[in-house]
Amino acid sequence: MKLAHKTRKLWVGDDMIYCVEDEQNIQELIVYTLNNTGFQARGFSDAKSFYPAIADEKPELILLDIMLPGESGLSILKQLKTSITTKNIPVILLTAKNSEYDKVQGLDLGADDYITKPFGIMELVARVKAVLRRTDKPTPSKTISFKDLTIDTQRHFVLLQDKRIILTLKEFELLKLLMENQGIVLTRDQLLEQIWGYDYYGETRTVDVHIRTLRSKLEHASDYIETIRGVGYKMVDKE
C-alpha cells in the first residue's frame with residue numbers, strides 16, 4: 001500500500017467516516033489521513049466494537065473491510081442494509097481479494113463502491129469524496145403531527161402547541177417512529193432494532209427507560225403514548 005504520513009488539507013467539511021479494518025496499521029493510517037483532509041474519522045477492528053458505536057452515532061460513510069475476525073464485512077454490510085436506521089449510509093468495501101465474485105457479491109448487497117488492496121491512500125480519499133457527492137441528496141423538511149404535537153424530521157425539533165420540547169436523539173427517534181405508526185403497536189424488540197440497531201446488545205428495558213424519560217418531557221402529551229402490557233407501545237388518541 002502506498003502510504004504517506006504527511007497530508008495537506010484538500011477538503012473542507014465535517015463528515016464523520018467510520019473505518020472498520022482489523023489491520024491496525026492500515027486502520028490508523030486511514031483514520032489519520034481522513035482526519036487531516038477535512039473529515040472526522042473513527043476506527044474499529046471488528047463488528048463487536050463497531051455495532052455499539054453506530055447505534056450511538058450514525059456516520060456519513062463507512063469504509064468496511066471484508067476480511068474481519070469474527071463477523072465478516074459482507075455480513076456486517078447485509079445487517080446495515082436491512083436495518084431501517086442504517087440502510088441509507090453509503091459503504092465502500094476494502095479488501096485484499098480481487099475476484100469478480102467478491103466484488104459482485106458486495107455490490108449486490110448494497111455497497112456503493114469497492115476498492116482493492118493495495119491502494120493509494122489519496123485514491124481512497126478521492127473515492128470517499130466521490131461517493132459522498134453522489135449520495136448527498138437534500139432531504140425535504142417533513143413534519144408529522146398528532147393532535148397538538150408536531151415534529152420536524154429534518155430540523156429535528158418538537159413542538160407541543162407552540163412550545164419547543166428538547167429531546168435527546170434516541171428520544172426523538174422513538175417519538176418519530178411512534179408518530180409515523182399512529183395507532184399501531186410497536187413491540188419493544190421492534191423499537192430496539194429500529195432505534196438502536198439490528199445487533200444492539202442491550203435489553204428491552206432500555207426502551208422502557210427511554211419511554212419514561214420521553215413521557216416526562218412531553219407534559220400532557222405523555223398520555224398519547226400508551227403502554228401495551230407485555231408487548232410494547234403505541235401512539236393513541238384516547239378522546
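The values are calculated or read from the model by the stated rules, or taken from the named source; none is laboratory data. Just so we're clear, the structure is a prediction, and the values are computed from it rather than from any experiment. As a convention, Cβ positions derive from the backbone with ideal geometry for all residues, glycine included, and neighbour counts pool all protein chains shown. Only protein heavy atoms, including side chains, enter the accessible area calculation; ligands, DNA and RNA are left aside. Shrake-Rupley method; radii C 1.70, N 1.55, O 1.52, S 1.80 Å.
Being over 11 Å from the mean Cα position of the chain (by Cα) and at positive phi is the requirement here; does residue 70 meet it? Explain how you work it out, then say what you get.
Working: over 11 Å from the mean Cα position of the chain (by Cα): yes; at positive phi: yes.
Here the answer is yes, as residue 70 does meet what is asked.
Please determine whether any residue of the stretch 86-102 is touching a strand residue (DSSP E or B) at 6+ places or on another chain (Cβ under 7 Å) and hydroxyl-bearing (Ser, Thr, Tyr).
yes
Kindly indicate whether residue 134 is in contact with a strand residue (DSSP E or B) (Cβ under 6 Å, 6 or more places away or on another chain), touching a residue at least 12 places away in the same chain (Cβ under 8 Å) and open to solvent by 40 Å² or more (accessible area, probe 1.4 Å). Break it down into steps so the answer makes sense when it comes.
Working: in contact with a strand residue (DSSP E or B) (Cβ under 6 Å, 6 or more places away or on another chain): no; touching a residue at least 12 places away in the same chain (Cβ under 8 Å): yes; open to solvent by 40 Å² or more (accessible area, probe 1.4 Å): yes.
In short, no.
Do you know which of the residues in the stretch 172-223 that are among the polar types (S, T, N, Q) and at pLDDT below 90 is surrounded by the fewest Cβ atoms within 10 Å (Cβ to Cβ)? Show your work before the answer.
Going residue by residue through the stretch 172-223, those that are among the polar types (S, T, N, Q) are 181-182, 187, 190, 194, 204, 206, 213, 216, 222.
Subsequent filtering for residues that are at pLDDT below 90 retains 190, 194, 204, 206.
Details: 190: 17, 194: 16, 204: 12, 206: 16.
So, considering only residues that are among the polar types (S, T, N, Q) and at pLDDT below 90, the one surrounded by the fewest Cβ atoms within 10 Å (Cβ to Cβ) is 204.
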